[in-house]
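What follows is calculated from the coordinates using simple rules that are stated; it is not laboratory data. Please read these numbers as outputs of a predicted model, since none were measured by experiment. We place every Cβ from the backbone using ideal geometry, glycine too, and count neighbours over all the protein chains shown.
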Number of protein chains: 2
Amino acid sequence: MKLLEDKIRKDGKIYPGDILKIDSFLNHQIDIKLMEEIGKEIKRLFPEIKPTKILTIESSGIAIASEVSKEYGYIPVIFAKKKKALNMSEAYIEKEKSYTRDEYYDVSVAREFINKDDQILIVDDFLANGEALNSLVGICRQANATILGAAVVVCKIYQPGLKRIENMGIHVECLAKVKSLENNTIEFE
Amino acid sequence: MKLLEDKIRKDGKIYPGDILKIDSFLNHQIDIKLMEEIGKEIKRLFPEIKPTKILTIESSGIAIASEVSKEYGYIPVIFAKKKKALNMSEAYIEKEKSYTRDEYYDVSVAREFINKDDQILIVDDFLANGEALNSLVGICRQANATILGAAVVVCKIYQPGLKRIENMGIHVECLAKVKSLENNTIEFE
């Protein structure tokens with residue numbers, strides 16, 4: 001998605017430790033017009049599917065998922081929570097490792113919101129090691145829901161996440177594929 | 001806002017400890033069509049203002065703020081973070097008490113995203129004790145930005161938050177004013 005790549009090139013910031021920050025339009029401040037365009041692009045990449053729900057994870061996935069919902073007829077958005085607020089009998093819970101903070105935390109979705117009849121499109125902002133997506137896939141599988149695919153805004157294709165999720169049998173589409181952040185330069189595939 | 005009150009009456013759940021849960025359309029699963037209607041209603045309540053930015057707090061404020069942004073010409077949305085990711089010289093930080101969890105945490109916004117020229121409309125999901133709004137007001141004041149008002153989706157008017165924020169000189173509008181949750185019944189003003 002050229003518009004997105006241009007935006008990342010212009011406003012993305014590279015930090016030591018292979019960190020790409022896009023705080024100015026997605027992860028802290030949000031460019032809502034761009035979110036609309038991202039929603040349309042995700043629909044273009046998954047034109048034929050008929051999801052019943054969009055599943056994402058707080059917080060940065062929410063603005064993206066809202067726009068994707070509209071493209072599929074205003075279906076409900078569910079955002080998985082990063083802090084468990086429910087007990088095990090009420091929620092599907094997966095462990096997720098945070099590489100940024102070097103700690104594990106629970107990712108949860110209340111059982112009442114996903115069931116075996118659901119056709120889920122997963123949406124998230126970043127794919128690097130694949131921890132967040134792996135949790136969301138695990139939650140759908142606990143619920144015996146069908147996963148129609150996963151759409152990710154920015155993917156670091158040189159990290160293991162993309163292959164990891166594809167190897168689980170999931171159709172993954174990435175809107176911007178980062179192939180290198182070396183020499184303080186963002187290279188896309 | 002009648003549509004919202006009807007939805008709360010139909011799908012809201014009351015729990016011991018004066019807790020009103022609206023997880024099925026706002027705080028966990030999100031009804032995106034309703035978010036659009038909420039965005040329009042907030043514009044109707046603040047018709048004349050010309051905000052430069054919408055400020056909210058993760059996570060449930062984001063879907064609301066996205067729709068409000070569109071009503072004012074797709075201005076940027078900033079969501080304050082509940083876990084400090086930046087140091088003091090890079091961020092405006094306020095302490096907020098969580099009554100649900102009985103702990104304090106930091107609410108922060110990177111300094112680069114709000115400045116003295118900004119005209120801010122604050123948006124949030126709930127107003128009870130006013131802790132979250134108080135933090136957002138504090139952040140705007142640290143930045144010397146102008147606060148045009150605060151729009152809240154659900155307000156418990158029998159708790160101290162509304163008066164507290166109004167006493168700070170802020171114009172607050174609430175879309176649904178809950179006046180009691182007694183006897184397992186939701187009463188609106």
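Each of A:Thr146, B:Thr185 has some number of other Cβ atoms within 10 Å of its Cβ, and from fewest to most they run B:Thr185, A:Thr146. Divided by 2.2 N^0.38 Å, where N counts the residues, the Cα radius of gyration of chain A comes to 0.98.
In this entry, the protein assembly as shown is assigned a mean projected area of 18.0 nm², taken as a quarter of its C-alpha convex hull surface. Across the identical copies, the label point of A:Lys116 (7 Å from Cα in the Cβ direction) is separated from its matches by 6.4 nm, in order from shortest.
Tell me the trypsin sites (Lys or Arg not before Pro) within region B:15-93 that lie in a loop according to DSSP and have at most 14 other beta-carbon atoms within 10 Å.
Numbers: sites: B:Lys21, B:Lys33, B:Lys40, B:Lys43, B:Arg44, B:Lys53, B:Lys70, B:Lys81, B:Lys82, B:Lys83, B:Lys84; in loops: B:Lys82, B:Lys83, B:Lys84.
When the trypsin sites (Lys or Arg not before Pro) of region B:15-93 are filtered for loop state and at most 14 Cβ neighbours within 10 Å, B:Lys83, B:Lys84 remain.
Is region B:1-110 rounded, prolate or oblate when judged by the Cα gyration tensor, a ≥ b ≥ c being the square roots of its eigenvalues, rounded requiring a/c under 1.5 and prolate requiring a/b larger than b/c?
Details: a/c = 2.46, a/b = 1.12, b/c = 2.19.
Taking the square roots of the gyration eigenvalues as a ≥ b ≥ c, region B:1-110 is oblate.
For chain B, the residue among B:Cys174, B:Asn144, B:Val68 whose Cα projects farthest onto the positive side of the dipole built from Cβ charges is B:Asn144. Rg of the Cα atoms in region A:117-189, relative to 2.2 N^0.38 Å, amounts to 1.16.
Only loop residues by DSSP count here, and only those with at most 14 other Cβ atoms within 10 Å; note down the GluC sites (Glu not before Pro) in region B:1-82 that meet that. Before the final figure, lay out each step's value.
Values: sites: B:Glu5, B:Glu36, B:Glu37, B:Glu41, B:Glu48, B:Glu58, B:Glu67, B:Glu71; in loops: B:Glu48, B:Glu58.
Those that pass, being in a loop and sparsely packed, are B:Glu48.
For region A:52-143, what does the alpha-carbon gyration tensor say about shape, rounded, prolate or oblate, given a ≥ b ≥ c as the root eigenvalues, a/c under 1.5 as rounded, and a/b over b/c as prolate? Don't skip to the end; give the middle numbers.
On the way: a/c = 1.94, a/b = 1.22, b/c = 1.59.
Because a/c hits 1.5 or more and a/b fails to exceed b/c, region A:52-143 counts as oblate.
Distances from B:Tyr104 to itself in the other copies, using label points 7 Å out along the Cα-Cβ axis, amount to 3.2 nm in increasing order. Estimated from helical segments only, the mean residue ellipticity of chain B at 222 nm is -8500 deg cm²/dmol, where each DSSP H run of four or more residues counts as -39500 (n - 2.57).
With its label point put 7 Å out from Cα toward Cβ, B:Arg9 sits 5.6 nm from the same residue's point in the other copies, in order from shortest.
For chain B, the list of Cys residues with no other Cys C-beta under 4.7 Å reads B:Cys140. In region A:1-110, what chymotrypsin sites (Phe, Trp or Tyr not before Pro) fall in a loop by DSSP, with at most 13 other Cβ atoms inside 10 Å? Passing both the DSSP loop test and the Cβ count: A:Tyr99.
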